[in-house]
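What follows draws every value from the coordinates through simple rules; no lab data is involved. Please read all numbers here as calculations on a predicted model, not as lab measurements. Glycine gets a Cβ as well: all are built from the backbone with ideal geometry, and neighbour counts include every protein chain shown.
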Amino acid sequence: MLCRLLVRAGAEVQVVMTAAAKEFITPLTMATLSRRPILVEFFDPENGAWHSHVSLGEWADCYLVAPATANTLAKMATGVADNLLLTAYLSARCPVLVAPAMDLDMYAHYATQQNLRSLADHGVRIVEPASGELASGLEGKGRMAEPETIVRAVEELFAEKKKPLAGKRFVVTAGATIEPIDPVRFLSNHSSGKMGYALAEELAARGARVTLVSGRTALATPAGVERVDVLTAAEMHRAAVEAFAEADGAVMCAAVADYTPCEVAASKIKKSDEGDWMLRLKRTQDIAAELGGAKGGRLLVGFALETDDERAHAVDKLERKHFDFIVLNSLRDAGAGFRGDTNKVTLIDRAGSEELPLLSKRETAARIVDKIESCITK
Ligand code: C5P
C-alpha cells in the first residue's frame, strides 16, 4: 500500500528487503508494486551482480525504513552492517525516515526508546507508530503509522528541503538569566524572551534546526524548536557552548547577568537592623565573546541594549565579540524594549547600518533573519 502510494505520487521506489521481510511479503509482490526488481543481498546469487550500498545511498533522495522493527532500529542506532538495508543506511547521504512497527512492550522498552532517541538526535525522522490492535492481539502503541501518514511525512520532508535555511543549525539564546542569592532571592532583569523566541520561530519556519537556550520565560516553545532550559549565566554558557559546537550560527538574544553573587547562601539570609547589607558579586563569563572567539567562518549575531551613546557602544561590541552584525535596541524609542510586542531596532554591520521602523517582534525577527540569510548565502 505504502509502495503503491509513493509510486502513484510520482516517486521512483527502489525496495530493499531484509531476509526477515521476505517471510511477510513476497519479493515478487514488492517488485510488481515498485515496478523495479527488489534488492535483498549484496550479491545476486543468480548472476553475481553486485548491489552497491554506496551507490544506493547516493542515488536516493530519501531513505524510508517501513516497517522498522526493534531489531533494525537497534542495528541502525549502533552501526551494525549485516544486511543491505543497514549498509545502505550507513552510506545514505539523504534524509532518513523510519516508521517503527512492533509489539507495544517492545516499543515502550527503554532500549528501543533509547535507540529511537539516538537516531532522532542524529537527524533521523521518526514517523510515530499508531495505537490500536497489534499483530500479537494486544492493544497499544506499536502499529506502523498509516501509509498516508508516512507519505505525508515524506512530502513534508521535501517541502522543508526547499526552505532557504534547510540543513542549517542555529543556536538562539533568549530570556533573562537568574542568579540566586539564597534559596528565595535572586538577581535578574526585565527581559521577557519574546524577541529571542520570535527569532527561533522564524529560523525554524525557514527550515533551520534551532536549539533555543532559554532563561526563565513564560513563553511556549515555538513549533519545531528544541528548547534547553537554563537558570544561571553559567548554565546558559555551558548549554550554548555545547550547542554551538554543531551549529552553523548563533543569535545571542539573551539578557545575561554580567555579575553573579560570589556565594549562594544555603538558607534564607535573615534581615538585620545593624547597618547595610553588602552583596559581593563576581563577573560572569561573556558567552557571546567566547563563541565569537571560536566562531571560525560561522555566523554570530549579537544584541545591544543601550541607554546612551548607543551606536558607539554597539559598534564596539560588534568588534569585541566578533559579531557579523549586531541588533541595536534603544530604550529611548517608544514601543521598543522589554515586555512589549513591538520593537524598533537598527541592524549594524561593518559596512553600515539599517534602521528598521517600529514593527511587531515577529516582523522584526523576519527582517533579522532576512539579513542572516543574506550573510549565509553570500
Ligand atoms: O556586553 P553586553 O552584555 O551589552 O552585550 C550584549 C550581547 O552579548 C548580547 O548579544 C548578549 O546576549 C551577549 N552576552 C552574552 N553573555 C554575557 C553577556 C552578554 O552572550 N555574559
Exercise for the section: With both partners inside the chain, how many of the DSSP beta bridges are antiparallel, as a percent to the nearest 5? Expected result: 40 percent
Handout entry: Residue-averaged 222 nm ellipticity for the chain, from DSSP H runs of 4+ at -39500 (n - 2.57), nearest 500
Key = -10000 deg cm²/dmol
Practice task
Compute the label zone of Leu138 within the stretch 65-105: residues whose backbone N is under 15 Å from the point 7 Å along Cα-to-Cβ.
Solution key: 70-71, 101-105
Exercise for the section: Report the one residue of Asn189, Val15, Ala366 whose Cα lies farthest in the direction of the positive end of the charge dipole of the chain (charges on C-beta: Lys and Arg +1, Asp and Glu -1; origin at the Cα centre). Expected result: Ala366
Completion exercise
In vacuo Debye sum over C-alpha of the chain, base-10 log of normalised intensity I(q)/I(0) at q = 0.06, 0.08 Å⁻¹, listed in q order, is -0.34, -0.56
Practice task
Only Cα pairs under 8 Å and at least 6 apart count here; give the relative contact order of the chain as a rounded whole percent.
Solution key: 10 percent
Handout entry: Of Lys168/Lys295; Lys295/Lys344; Lys321/Lys371; Lys163/Lys344, those spanning more than 22 Å from alpha-carbon to alpha-carbon
Key = Lys295/Lys344; Lys163/Lys344
Practice task
Please give the helix 361-377 orientation as an angle from the longest Cα principal axis of the chain, in degrees from 0 to 90, rounded to the nearest 10.
Solution key: 70 degrees
Practice task
Counting only GluC sites (Glu not before Pro) that are in a DSSP loop and have at most 16 other C-beta atoms within 10 Å, tell me the longest site-free stretch of the chain.
Solution key: 47-245
Problem - Relative contact order [Cα under 8 Å, 6+ residues apart], the stretch 1-141, whole percent - result: 19 percent
Exercise for the section: Please report, in debye to the nearest 20, how large the charge dipole of the chain is about its Cα centre when each Lys and Arg carries +1 at its beta carbon and each Asp and Glu carries -1 there. Expected result: 320 debye
Handout entry: Mean separation of Cα contacts under 8 Å (6+ apart) over length of the stretch 74-141, as relative contact order %
Key = 33 percent
Practice task
Compute the length gained on full extension between Thr26 and Ala294: take 0.36 nm times their separation in residues and subtract their Cα-Cα distance, giving the result in nm to one decimal.
Solution key: 91.0 nm
Handout entry: Helix axis angle, 147-161 relative to the chain longest principal axis, alpha carbon, degrees
Key = 50 degrees
Exercise for the section: Return one number: the angle in degrees, 0 to 90 and rounded to the nearest 10, between the long axis of the Cα atoms of helix 310-320 and the longest principal axis of the Cα atoms of the chain. Expected result: 50 degrees
Exercise for the section: Can you find, among Ile126, Ala265, Leu305, the residue farthest towards the positive end of the dipole of the chain? Put +1 on the C-beta of Lys and Arg, -1 on that of Asp and Glu. Expected result: Leu305
